[in-house]
Amino acid sequence: MLKRNIHIANLKAGYLFPEIARRRRDFAESHPDAKIISLGVGNTTEPLLPHICEGLVEGARRLGNVKTYSGYMDEGLEELRVLINNVFYNSQFAADEIFISDGAKCDIGRLQTLFGKDVKTAVQDPSYPVYVDGSVISGAAGAWDDSGYSGITYLPCTPENEYFPDLSVIKTGSLIYFCSPNNPTGAVAAKDQLSLLVKRALETNSIIIFDAAYSEYIRDSSLPKTIYAIAGAENCAIEVNSFSKSAGFTGVRLGWSIVPKTLKFSGGESVNADWARIQSTLFNGASNIAQFGALAALSGEGRKELTALTDFYLENARLIQNAAQQLSIECTGGSNSPYIWARFPGEESWDVFKRILEKCHIVTTPGSGFGPSGESFIRFSAFGHRESVEEACKRLLTVNWR
Ligand code: PLP
């Protein structure tokens, strides 16, 4: 028999969302009449909009015709890379600085192989679990004790610091994960805050992995949608993004990463060249069909659909925010983000999760699953059908659960 990978054995607990699903299943089995509503996971619920859907159908049609058939397309459609560059980055990058992928999560996993197990890591706390769990699997996180993993510097983001962390604790030569709009807190960093982040990365010779998966939820035009809105970011940041939350591509799978050629390792080697090597070794290119869907999503008609879809989820977020306000629950997020982060002082997140499930039959996400500073918080997700969100809000307001 082979020995288990010791890094996997180092994972503290099961991945958060399977654990929530298990608890939901157990509750449903013991309460077969309960009509459970999920405001828990960040999975999209609304169907693809017509123009984007037609782009996918066209992509499939092309594969069925000898004249337009295509096989492996490692680097991604040139036309799509040009569109991404124009639409999101003001044409700032060359085509070979844009890498089309099967999604931001997959890219984050592969990016960790770029830096290896000896890299120091800094994460916002709370944060999307993949940054920490991926670092554990790659061996970079070190040993676990009650305060967290020894190889990870946690950057607490709390109401007290308005969800922007103290950057002075970031060590020299760190890989810094930063997500804005943030999952789970829904907080969005302002331009001057991202300028401080870039400044700190440059002065500590660190690299930022900027996760912009929710950038299309930003409605306040003063808030940056990309780290490259900040001068100097091209020397210290990689960005990942995706069509999952903006176009409903969670099941279609399409994302991208930006690795500027100006970004270098401490020895002067090109990060872009190594990333190209890793992608061509560990990944065989995104689905051609999905890329045609993305082309449609970035056309004039498709962009109107992106706005309509994100507006729909933002309206759900507003309804949840409204209910929380009526209940005098302290909340953040929900205005430029699909997540609402609700505080329950003095209580443990899993206890609040349990109470909302048992009394209201609503699944939420316990904040402690996102990191130590998430304790006493609950994340409400705005991904849901309108009638489910309305019914959930009604239950939260009428059932005596607090
Ligand atoms: N990044 C963040 C912050 C997320 O919340 C998620 C999904 O929930 C992802 C990335 C995953 O994106 P994708 O579907 O493109 O893999």
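Tabulated data
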{"item": "Criterion violated by ASP33 - all others in (1) surrounded by fewer than 12 Cβ atoms within 10 Å (Cβ to Cβ); (2) touching a Cys at 6+ places or on another chain (Cβ under 9 Å) satisfied", "result": "(2)"}
{"item": "Residue count, the range 102-127 (criterion: within 11 Å of the ligand (Cβ to nearest atom), surrounded by fewer than 24 Cβ atoms within 10 Å (Cβ to Cβ), outside any helix (DSSP H, G or I) and not charged (D, E, K, R))", "result": "1"}
{"item": "Candidates ALA308, ALA317, ALA294 - the one that is surrounded by 18 or more Cβ atoms within 10 Å (Cβ to Cβ), assigned by TED's automatic domain parsing to the domain that holds GLU391, on the phi < 0 side of the Ramachandran plot and part of a helix (DSSP H, G or I)", "result": "ALA317"}
{"item": "Those residues of the range 243-275 which are aliphatic (A, V, I, L, M), closer than 18 Å to THR113 by Cα and buried (at least 22 other Cβ atoms within 10 Å of the Cβ), in sequence order", "result": "ILE258, VAL259"}
{"item": "Answer from PHE344, PHE370 - the residue that is without any contact (Cβ under 8 Å) to a residue 60 or more places away in the chain, surrounded by 14 or more Cβ atoms within 10 Å (Cβ to Cβ), not aliphatic (A, V, I, L, M) and not assigned by TED's automatic domain parsing to the domain that holds ARG219", "result": "PHE344"}
{"item": "When residues of the range 128-162 are limited to those that are closer than 19 Å to TYR339 by Cβ and of a type in the set (S, T, N, Q), the one surrounded by the fewest Cβ atoms within 10 Å (Cβ to Cβ)", "result": "ASN161"}
{"item": "Pairs, first on the phi < 0 side of the Ramachandran plot in the range 177-188, second in a loop (DSSP other than H, G, I, E, B) and aliphatic (A, V, I, L, M), C-beta under 6 Å, six or more apart", "result": "SER180/VAL188; SER180/ALA189; PRO181/VAL188; VAL188/LEU223"}
{"item": "Test set (1) assigned to a helix (DSSP H, G or I); (2) in contact with a Pro (Cβ under 8 Å, 6 or more places away or on another chain); (3) among the hydroxyl-bearing types (Ser, Thr, Tyr) - TYR154 fails condition number", "result": "(1)"}
{"item": "Inter-residue pairs, beta-carbon under 7 Å, first more than 21 Å from ARG277 (Cβ to Cβ) and in the range 71-97, second of a type in the set (Gly, Ala, Ser), 6+ apart", "result": "LEU80/ALA294; VAL82/ALA95; ASN85/SER91"}
{"item": "Residue within the range 76-87 that is in contact with a strand residue (DSSP E or B) (Cβ under 8 Å, 6 or more places away or on another chain), part of a strand (DSSP E or B) and either among the small types (Gly, Ala, Ser) or crowded, with 21+ Cβ neighbours inside 10 Å (or both) present", "result": "no"}
{"item": "Scan of the range 29-70 for residues that are free of Cβ contacts under 8 Å to residues at least 60 places away in the same chain, assigned to a loop (DSSP other than H, G, I, E, B) and not assigned by TED's automatic domain parsing to the domain that holds ILE362, ordered by number", "result": "GLY64, ASN65, VAL66, LYS67, THR68, TYR69"}
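Here's the yes/no breakdown for (1) of a type in the set (Val, Ile, Thr); (2) surrounded by fewer than 24 Cβ atoms within 10 Å (Cβ to Cβ):
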{"residue": "GLU348", "(1), (2)": "no, yes"}
{"residue": "VAL352", "(1), (2)": "yes, yes"}
{"residue": "LEU357", "(1), (2)": "no, yes"}
{"residue": "PRO366", "(1), (2)": "no, no"}
{"residue": "HIS385", "(1), (2)": "no, yes"}
{"residue": "VAL389", "(1), (2)": "yes, no"}
{"residue": "LYS394", "(1), (2)": "no, yes"}
{"residue": "THR398", "(1), (2)": "yes, yes"}
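The values are calculated or read from the model by the stated rules, or taken from the named source; none is laboratory data. Note that this is a predicted model, so its numbers are computed, not measured. We place every Cβ from the backbone using ideal geometry, glycine too, and count neighbours over all the protein chains shown.
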